[in-house]
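Below: one structure, written as structure tokens.
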Amino acid sequence: MEKNHHHLKKGDFMVGLDIGTTKISVMIGRKDEYNKLEILAMGRSASNGVSRGIVANIDKTVFSIKEAVNQIKQKSGIEIDEVFVGIAGQHIKSLQHRGEIVRENIDIEIGQEDIDKLKSNMFKLITIPGEEVIHVIPQEYTVDGEDGIQDPKGMAGVKLEANFHVITAQVGAVRNIMRCVEKAGLIPRELILEPFASALATLDDDELREGVALVDIGGGTTDVAIFLDNIIRHTAVVPFGGNVITKDIKTGLSILEKQAELLKIKFGSAMYTEEQENVMVSIPGLRGREPKEIAVKNLTEIIGARYKEIIDLVHHEIKVSGYENKLMTGIVLTGGGSKIRNLNQLVAFVTGQETRIGYPNEHLGSSSKDEVVSPMYSTGVGLVLKGFEYFDNTIVVKENLDNESPANGAIDSTGILDRIKEWFTEDEIN
């Protein structure tokens, strides 16, 4: 059965590439007959060239990407070329901006062209030098002073305005990601903000509509994304993740980093509970040294203190967004850092919001591998889903615009790939 996979036609499956601080994961998936996602294979490797979500060493990152891709090839027999790549990191900023256009001909109803024009003006926003607009998300439209319009197509009006959620990234950081992907022999089809991907994989329709904050705790950073009425309202990045917790355990208990990581995973907890009282863990000593006795209670204190710091920063972001009282469904935690015991209780306690752990099973079919359903793969699964979304949108737009100018036929949801080609000189590409 496994061997038949490589008879798939192009377009039947999508590949997501998540370049994280702790791991690089590649996933390949297709839709089953119920339109659910089936992950065919997954590759993962240690990420040594990335720090806090930003590529710090190109060669190491390229090596890790190739390693993960080779695993997929061995497991599924599929050659991978195009990938949907996640982007995250400290340099991501979001801002709200209002745009407007005045239409010349009131007899023609508002169409997709007007909306596209309004949107493309946002990409020309003058940001800080060295920053680049990567996503423009319309919030709601105003036609001739009538506001709160979700979709103005077909309406008559002279002045079309919209509020936009604009996301910028550092040009250098984006370039380096692209360079790594291309040097690994892959074609980056689209760059996608990682919290968007994680949200697609973990949140259900009710949450997206009624108000939710997605908190994706990675190794190097924690991403926050707030949704209401199916629209992303606020994004932020907190520059701490699971790695600082491991470092705190290492220094706090004077043990090796790998021992600290194991302790965290096996015995770690974000909140003290009765059953931890008087529980001791013995850690083998190095080369003839005595083993170390560690109280689980101390471990919890270290972990809890640092998680509380991260949650306080996240809570601050939620308050700043102005949506704190509109999150009817509370907070959803995902990412590898969300796997620690009792974390949802701690988050609920600190923020006063209902909290659950988000697993990437919202659109997964039953045939996917069990390991994929870990919160640490939310971004990877989401990137594959985003691939299908992109593909569907492209097809739909092409059908609608068959008789129109080719310029409108190609949709690139961020417009970023064309601009990336402009950044590279000929020498760099070759």
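The values are calculated or read from the model by the stated rules, or taken from the named source; none is laboratory data. Remember, it's a predicted structure, so these values are computed and weren't measured experimentally. All Cβ positions, even for glycine, are placed from backbone atoms using ideal geometry, and neighbour counts span all protein chains on display. Ligands, DNA and RNA are excluded from the accessible area calculation, which covers all protein heavy atoms including side chains. Shrake-Rupley method; radii C 1.70, N 1.55, O 1.52, S 1.80 Å.
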Between a residue in the range 321-341 that is at negative phi and of a type in the set (Ser, Thr, Tyr) and any residue that is part of a loop (DSSP other than H, G, I, E, B) and open to solvent by 40 Å² or more (accessible area, probe 1.4 Å), which pairs come within a Cβ distance under 8 Å, given they are 6 or more apart or on different chains?
Thr329/Glu354; Thr334/Tyr359
Sole residue being among the β-branched types (Val, Ile, Thr) and over 20 Å from Ser321 (Cα atoms), chosen from Ile226, Ile137, Ile177, Ile231
Ile177
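With the range 219-291 as the region, which strands (runs of 3 or more DSSP E) entirely inside it contain at least 2 residues that are modelled with pLDDT of 95 or more? Spell out the reasoning first.
Details: elements: 222-228, 231-238, 280-283.
Hits in the range 219-291: 222-228.
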Going by what's in this entry, would Gly157 be described as touching a residue at least 12 places away in the same chain (Cβ under 8 Å) and loosely packed, with under 13 Cβ neighbours inside 10 Å?
no
Looking across the range 83-134 at residues that are over 27 Å from Met178 (Cβ atoms), in contact (Cβ under 8 Å) with a residue 60 or more places away in the chain and assigned to a helix (DSSP H, G or I), the single one that is most open to solvent (accessible area, probe 1.4 Å) is Glu113
Residue count, the range 29-39 (criterion: touching a strand residue (DSSP E or B) at 6+ places or on another chain (Cβ under 9 Å) and either surrounded by fewer than 24 Cβ atoms within 10 Å (Cβ to Cβ) or modelled with pLDDT of 95 or more (or both))
5
Failed condition for Thr246, given (1) in contact with a Lys or Arg (Cβ under 8 Å, 6 or more places away or on another chain); (2) of a type in the set (Ser, Thr, Tyr); (3) surrounded by 20 or more Cβ atoms within 10 Å (Cβ to Cβ); (4) over 28 Å from Val381 (Cα atoms), with all others met?
(4)
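Quick check on Ile303: is it within 23 Å of the chain's Cα centre (by Cα), buried (at least 21 other Cβ atoms within 10 Å of the Cβ) and not in a loop (DSSP other than H, G, I, E, B)?
The answer is no for Ile303.
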Can you name the residue in the range 367-410 that is touching a strand residue (DSSP E or B) at 6+ places or on another chain (Cβ under 9 Å) and open to solvent by 50 Å² or more (accessible area, probe 1.4 Å) and, of all such residues, is modelled with the lowest pLDDT?
Lys369
For the range 262-300, name all the residues that are open to solvent by 30 Å² or more (accessible area, probe 1.4 Å), aliphatic (A, V, I, L, M) and more than 12 Å from Arg341 (Cα to Cα).
Leu262, Val279, Met280, Leu286
